[in-house]
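First up is the structure itself, then whatever we jot down about it.
The values are calculated or read from the model by the stated rules, or taken from the named source; none is laboratory data. Since we're looking at a predicted model, the values are computed, not measured. Calculation scope for accessible area: heavy atoms of the full protein, side chains included, ligands and nucleic acids excluded. Shrake-Rupley method; radii C 1.70, N 1.55, O 1.52, S 1.80 Å.
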Amino acid sequence: MVGASAETPEDPAVAPPAKYGGVVAIAMRYLGVPYRWGGASPETGFDCSNLVVYIFAQVGVSLSHSTGAIWGHGVPAPKDELQPGDLVLLNDLSPMGIAIGGDQFIHARRTGDVVKISILSEPWYAERWVGARRLL
């Protein structure tokens, strides 16, 4: 699998620099696309994991189609060292999204919502922080 590592060091201090920051520009193209559980394209809408899978596929990175499986890719990325392109995981690994810099991430959270940018330090998101992964 391109961009994924079967071995995931437990020490987030070893996370190399992010190399997929370019996905942020791709992700921005889908702002406003409706959330749809199981949705996997701009035409059908996106759920959180399929948004991430769709975006990374455009740069040649193949990811699994569930947040739990995606959590196994890459290495841990410390919250205070997030870089654009890091995967952000919240609340039982759902929702998830892509860090875009400046304490922000892009994601598709729930029915009735759209792909949008949110602030990680906002209380709802901060209370549900699980972790982040940096793809290799």
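Once both axes come from the Cα atoms, what is the angle between helix 48-57 and the longest principal axis of the chain, in degrees from 0 to 90, rounded to 10? Its long axis makes an angle of about 70 degrees. Panel note: the C-alpha atoms of the chain, placed on their principal axes, show extents of 38, 34, 25 Å (largest first). Per residue, the chain exposes 46 Å² of accessible surface when a 1.4 Å probe is rolled over the protein heavy atoms with every protein chain present. The value of relative contact order for the range 27-96, using C-alpha pairs under 8 Å at least six residues apart, is 21 percent. Could you tell me what percent of the accessible area of the chain is made up of carbon and sulfur, with a 1.4 Å probe and every protein chain present? Reported share for carbon and sulfur atoms: 53 percent.
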